[in-house]
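In what follows, a single structure is set out as structure tokens and then discussed.
Every number here is computed from the coordinates shown, using simple stated rules; none is lab data. Only a predicted model underlies this, so the values are computations on that prediction, with no experimental measurement involved. Glycine gets a Cβ as well: all are built from the backbone with ideal geometry, and neighbour counts include every protein chain shown.
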Amino acid sequence: MKVREIEESEFEAVAKLRVDAFLAAGMVKDRETPYAQCLRTVPDHAQHGHVLVAYEDEKLVGTVTIAPPGSPHADIAVAGEWEVRFLAVAVDAWGTGVGDALMASCNELARTAGVHNLALSVISDNAAAHQLYARLGFIREPNRDFSPTAEVLLEVYTRPVN
């Protein structure tokens, strides 16, 4: 598997992969919700952070965004942290290690940049994501949890960069 920074020619494919993955996981109800629309704003995410893509045998299988504190897509990152956002794996690649590879690349990029911590938030009912991040050594930070809307609770996790 190869993980690297996104190229402009991949913006549409990454947007589609994100929405498809979040729909399949039940994290968005349909393609026109405000959050689904946010998932499609890949050029803006690339402009204000790092968008990584994962390929297996020349097929796009995953993506993740890293947002520095103070950037438009960082909800929780503080000084010394980068925020992991929009982790998405193609449905046919679930359970194959794509998420692990993308997170390892986030860690390496942050380490190279001198960042001390990674932070992320996960909707409270996404059990698979909670298991992934706990397995990767992320620790819950309940004092940083927040609700962007009345019906959504986002639980925060952090981990030192290693």
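Comparing 69, 148, 43 in a Gaussian network model of the chain, where Cα atoms under 10 Å apart are tied by springs, the biggest mean-square fluctuation is seen for 148. Distance between the pseudo-spin-label points of residue 135 and residue 116 (7 Å out from Cα toward the beta carbon): 3.0 nm.
Here's how it looks for residue 83: its modeled amide H is under 5 Å from those of 67, 119, which are all 5 or more places away or on a different chain. Within the range 32-148, DSSP assigns beta bridges of which about 75% are antiparallel (rounded to the nearest 5). Going from the residue with the fewest nearby Cβ atoms within 10 Å to the one with the most, 45, 73 rank 73, 45.
With a/c under 1.5 counting as rounded, go ahead and sort the range 2-160 into rounded, prolate or oblate using the C-alpha gyration tensor (a ≥ b ≥ c being the square roots of the eigenvalues; past the cut-off, prolate if a/b is larger than b/c, else oblate). Walk me through the intermediate numbers first.
Working: a/c = 1.32, a/b = 1.11, b/c = 1.19.
Here the range 2-160 falls in the rounded category.
Once you have the Cα-Cα distance between residue 108 and residue 128, take 0.36 nm times their residue separation minus that, and quote the gain in nm to one decimal. Don't skip to the end; give the middle numbers.
Working: separation 20, 0.36 × 20 = 7.20 nm, distance 2.31 nm.
Here the answer is 4.9 nm.
Remark: the range 29-41, residue by residue, has Karplus-estimated 3J(HN,Hα) of 7, 7, 6, 10, 5, x, 5, 4, 5, 4, 4, 7, 8 Hz, where x stands for each Gly or Pro and the curve is 6.51 cos²θ - 1.76 cosθ + 1.60 at θ = phi - 60°.
For a straight C-alpha distance cut-off of 22 angstrom, the lysines reachable from residue 59 (same-chain residues fewer than eight places away being disregarded) are 2, 16. Under the shape rule built on the C-alpha gyration tensor, where the axes satisfy a ≥ b ≥ c, the range 78-162 is oblate, since a/c reaches at least 1.5 while a/b does not exceed b/c. Computed per residue of the chain from DSSP H runs no shorter than four, each worth -39500 (n - 2.57), the mean residue ellipticity at 222 nm is -9500 deg cm²/dmol. Mean-square fluctuations from a GNM of the chain, with a 10 angstrom spring cutoff on Cα atoms, peak among 15, 119, 24 at 24.
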